[in-house]
Every structure is written in C-alpha cells, then in structure tokens.
Amino acid sequence: MKISENIRKVKGTIPDHVCLVAVSKTHPPERITEAYDAGLRIFGENRVQELLQKQPVLPADIEWHLIGHLQTNKVKFIAPFVRMIHSVDSIKLLAEIDKEAAKCSRQIDCLLQVYIAQEETKFGLDENELESVIMSYIQGSFSNVRICGLMGMASFVDDTAQVHREFGNLKQIFDRIKQKYFSETEYFHHISMGMSGDYSIAIEEGSTMVRIGSLIFGNR
Ligand SMILES: *Cc1c(COP(=O)(O)O)cnc(C)c1O
C-alpha cells in the first residue's frame, strides 16, 4: 500500500483535535519525503543518532519530535531544532534541555513520560516522581522549556480492557495534575498516548496526540 493511501486511511479515523505524529524510525528519508508530500509535517524518531542523520536532508519545516529515551549527554545535539521531547523522565534531563535550549535561544516543548503499563521494561515516572519533577519545575526558573503535558505507553497486550484502564489512568493523572499545578497555563494540554495497535482506545480515553509508525510506513 502506498504511504499516501495509508495516511488518508489513518487520518480518517482520527478526530481533528488529535495531533498525528508520524513515527518514522528505521525508515529512510525517501519514505519520509513521501509522507511529507502527502501533507504530514510532524515526525517522531526515537533515537538521537538516527534523527541527526535525517534532519539535515529533509525539509526545514518538519516539526521533529523525539519520542524515545533521551540521555542528558545527547541533548545538545538536538536542541537546535527539536520541537518536542515526549520522553522527559527526570528533573536532571529537563534542566539539561533548558540549558541547551537557552544556548540556542529557543524554547523546547516537553512532555513528562509516565509509567502506566504493567510491564517491567517501560521507562517513565510513577505518580510520586511525576509530582516531584513538576514541583521542581514550578519552583525553578526554567524559561527555555515548557511542560506541555504527559506521555505514556500502555502494555502490549490483547486485553483491550487493560489497555483502556491504563490509558484511562493516564488521563486521570493528567486531569489531576492540570487542576493542581497548571490550571492557569494554557500550554499544559497534551496527552501523548496511542500507537498503531492501540490509538483508537487511546483516543476514546482522551488522547490529544497519537504516535503512529507501522500503520503509515509499514512494518519495520
Ligand atoms: C515506535 C514507537 C511508536 C510507534 O509504534 P507503531 O506501533 O509502529 O505505531 C510510538 N511511540 C514510541 C515511543 C515508539 O518508540
């Protein structure tokens, strides 16, 4: 199936208020260009090295999102251009992003990654850690990063009730955090949840941003 056809299909199932991040990891620039020509502008990569190879050879108006785990020593490489980082999981990382964004006179939008799955392998903050990162952010003076919301990944299971529960849990955490800490800030409004296999459930549970790879580009 052609990429443009895949995009048309996926878009037909996503409401207007939900932002589509096309996850292009492992796919070469030519395939990304096809998606770009079909109208997409927001692309997500999970590895810094790969992002750094692709970004210079693709159109400058692409909005690049980093969706994978990020080490503090790699922040400086992507700070000049990255638009959003979905995977912030410590105040140390947030502080580093702020520092490197300042050097580039930029502001970088960040999401805090919350651990909602029942699997051991996933990165992310538990609810207590989440609150402590947010309190440090609020008490600090981070003028070059904005916490724009939360990100989470559900377990890879066939049990749709469990996936509903996990995404529903993230939505509840989001609502509570927004009310408690961000009631006066408009920019805290994103819940990045949902991938090719579970985005419909995520949207039902309140996702505002889905990260879709294989349904657009095919299997990796
Ligand atoms: C790979 C990846 C996706 C997209 O996965 P698909 O199943 O191909 O849609 C979404 N989010 C993250 C964090 C990923 O690493």
Item to check | Residues of the stretch 139-162 satisfying the condition of being away from the ligand (no atom under 16 Å from the Cβ) and at pLDDT below 95 | outcome: 140, 141
Item to check | Scope the stretch 102-144; condition open to solvent by 80 Å² or more (accessible area, probe 1.4 Å), assigned to a loop (DSSP other than H, G, I, E, B) and in contact (Cβ under 8 Å) with a residue 40 or more places away in the chain; matching residues | outcome: 118, 123, 143
Item to check | Residues (under 22 Å from residue 44 (Cα atoms), in a loop (DSSP other than H, G, I, E, B), more than 10 Å from the ligand (Cβ to nearest atom) and among the hydrophobic types (A, V, I, L, M, F, W, C)) located in the stretch 174-220 | outcome: 188
Checklist outcome for this item: Over the stretch 145-160, the set of residues open to solvent by less than 50 Å² (accessible area, probe 1.4 Å) and farther than 26 Å from residue 79 by Cα is 154, 155
Item to check | Restricting the stretch 1-54 to residues that are part of a loop (DSSP other than H, G, I, E, B) and among the hydroxyl-bearing types (Ser, Thr, Tyr), the residue that is surrounded by the fewest Cβ atoms within 10 Å (Cβ to Cβ) | outcome: 13
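The values are calculated or read from the model by the stated rules, or taken from the named source; none is laboratory data. Model, not experiment: these values are computed from the prediction. So basically every Cβ, Gly included, is an ideal-geometry build from the backbone, and we count neighbours across all protein chains shown. These area figures cover heavy atoms from the full protein model, side chains too; ligands, DNA and RNA do not enter into them. Shrake-Rupley method; radii C 1.70, N 1.55, O 1.52, S 1.80 Å.
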